[in-house]
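Here's the structure, in structure tokens; my notes come after.
The values are calculated or read from the model by the stated rules, or taken from the named source; none is laboratory data. Because the structure is predicted, anything quoted here is derived from the model rather than measured. Here the Cβ positions follow ideal geometry from the backbone for every residue, glycine too, while neighbour counts run over all protein chains shown.
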């Protein structure tokens, strides 16, 4: 679990969730103009001893606590992917629904992004691996830790994706230009890319 000291300015906080019924990832970022910082990331490991409803209750409780502590303005969650196992899909859908309900109860705006959209937003490649996403997050948010569970960085990437979709960093202050995608941004700004 990584925790960063609070920022001194009034930054917008975004809570990102990678839903799961065994491990749920969460990540919080703060954004103030074009400055983005990691606030917190971690996972909720759900005990196999809990029944399905107790797991849902734990997800709701954890998200409610994160909202109370960090006071995010936005909630972003990874949309379901379509698998062949119907039972797994139903369980994941319930976990997503409970997470969304906790955010709605707190009055947050809700945003959902597909796994492909999230990866493309972070790395420029919708088929990027979890390790590639982690590497790019480390560069963008300037941290070196590698969490034990990549569900935490997956959730962090959901929050960052939402920030990019709402307040794109592809926009260049003072120049009046906006890149349409990462390729345009990189070609127009070689000095801003590591």
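Overview of values
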| item | result |
| --- | --- |
| Evaluation of residue 89 against (1) surrounded by fewer than 19 Cβ atoms within 10 Å (Cβ to Cβ); (2) outside any helix (DSSP H, G or I) (one fails), failing number | (2) |
| Conditions (1) touching a residue at least 40 places away in the same chain (Cβ under 8 Å); (2) closer than 23 Å to residue 139 by Cβ; (3) out of contact with any helix residue (DSSP H, G or I) (no Cβ under 6 Å at 6 or more places or on another chain); number of the one not met by residue 11 | (1) |
| Residue match in the range 102-121 (condition: farther than 17 Å from residue 25 by Cβ, touching a strand residue (DSSP E or B) at 6+ places or on another chain (Cβ under 8 Å) and surrounded by 18 or more Cβ atoms within 10 Å (Cβ to Cβ)) | yes |
| So residue 99, is it surrounded by 13 or more Cβ atoms within 10 Å (Cβ to Cβ), at pLDDT below 95 and either touching a strand residue (DSSP E or B) at 6+ places or on another chain (Cβ under 9 Å) or closer than 18 Å to residue 109 by Cβ (or both) | no |
| Single residue of the range 134-151 satisfying the filter (in contact with a strand residue (DSSP E or B) (Cβ under 6 Å, 6 or more places away or on another chain) and part of a helix (DSSP H, G or I)) that is surrounded by the fewest Cβ atoms within 10 Å (Cβ to Cβ) | 141 |
| Test: residue in the range 31-39 that is surrounded by fewer than 24 Cβ atoms within 10 Å (Cβ to Cβ), out of contact with any helix residue (DSSP H, G or I) (no Cβ under 9 Å at 6 or more places or on another chain) and under 20 Å from residue 95 (Cβ atoms) | no |
| Some residue of the range 13-20 being in a strand (DSSP E or B) and at pLDDT below 95 | no |
| Residues within the range 34-70 that are touching a residue at least 40 places away in the same chain (Cβ under 8 Å) and in a loop (DSSP other than H, G, I, E, B), tallied | 1 |
| Test for residue 68: is it under 16 Å from residue 28 (Cβ atoms) and surrounded by fewer than 19 Cβ atoms within 10 Å (Cβ to Cβ) | yes |
| The range 92-117, residues that are touching a residue at least 40 places away in the same chain (Cβ under 8 Å) and in a helix (DSSP H, G or I) | 92, 94, 95, 96, 98, 99, 101, 102, 103, 105, 117 |
| Subset of the range 23-43 [modelled with pLDDT of 95 or more and over 13 Å from the mean Cα position of the chain (by Cα)] | 23 |
| Test: residue in the range 118-129 that is on the phi > 0 side of the Ramachandran plot, outside any strand (DSSP E or B) and modelled with pLDDT under 95 | yes |
| Positions within the range 1-12 being modelled with pLDDT of 75 or more and closer than 30 Å to residue 55 by Cα, in sequence order | 12 |
